[in-house]
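Encoded as structure tokens, the structure appears first; notes follow it.
The values are calculated or read from the model by the stated rules, or taken from the named source; none is laboratory data. This one's a predicted model, so the numbers in the text were calculated from it and none came from an experiment. So basically every Cβ, Gly included, is an ideal-geometry build from the backbone, and we count neighbours across all protein chains shown. To get the accessible areas, we keep the full protein, side chains included, count just its heavy atoms, and leave off ligands, DNA and RNA. Shrake-Rupley method; radii C 1.70, N 1.55, O 1.52, S 1.80 Å.
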Amino acid sequence: MGQTFGSGRVRVDKERIKAFAAEFDPQPFHLDEDAASDTLFRGLAASGWHTAAITMRLLVESEVNPAGGIVGAGFDGLRWPLPVRPGDELRVESEVLEVRPSKSHPNRGLMKVRTTTLNQNGGAVQVFVANLIVPRHER
């Protein structure tokens, strides 16, 4: 427990924010700068689901590699404390909070990992605690 992992970085551009939103979350504050300026965001902001997709990509390409893949069993919360804006550069930090054997599958274990997606200023734009399924190794 307490082990931490980092990731590379990805820059979020206006066109990708709009393209993702057009397909998956077509709300004005994700699609149009003028419309977004009159919302609580006060400007174009990426969908939280876009942020989640970017986070997943960064995780897959990071040092975190339990079981040769990241197999999720659910979350203990998901928050978007700050909006992601065009030009933001995102990175991920993950910390292992818990590792335990599965009670129902002796060949598996469960990991609880807190993942924080940060912008270029170190501001948290997404935070979640994931429950991952991992294979158990005999010792």
Helices (runs of 4 or more DSSP H) enclosed by the stretch 5-113 - at least 3 residues per element that are hydrophobic (A, V, I, L, M, F, W, C), open to solvent by 50 Å² or more (accessible area, probe 1.4 Å) and more than 16 Å from Ala124 (Cα to Cα)
14-24
Output for the stretch 114-139, where each listed residue is open to solvent by 60 Å² or more (accessible area, probe 1.4 Å) and free of Cβ contacts under 8 Å to residues at least 24 places away in the same chain:
Arg114, Asn121, His137, Glu138, Arg139
Qualifying positions in the stretch 40-97 - modelled with pLDDT of 95 or more and of a type in the set (Val, Ile, Thr)
Thr51, Ile54, Thr55, Val84, Val92
Single unsatisfied condition, Pro26 versus (1) at pLDDT 95 or above; (2) under 19 Å from the mean Cα position of the chain (by Cα)
(2)
Condition check for Glu89: among the acidic types (Asp, Glu), under 14 Å from the mean Cα position of the chain (by Cα) and closer than 19 Å to Lys14 by Cβ:
yes
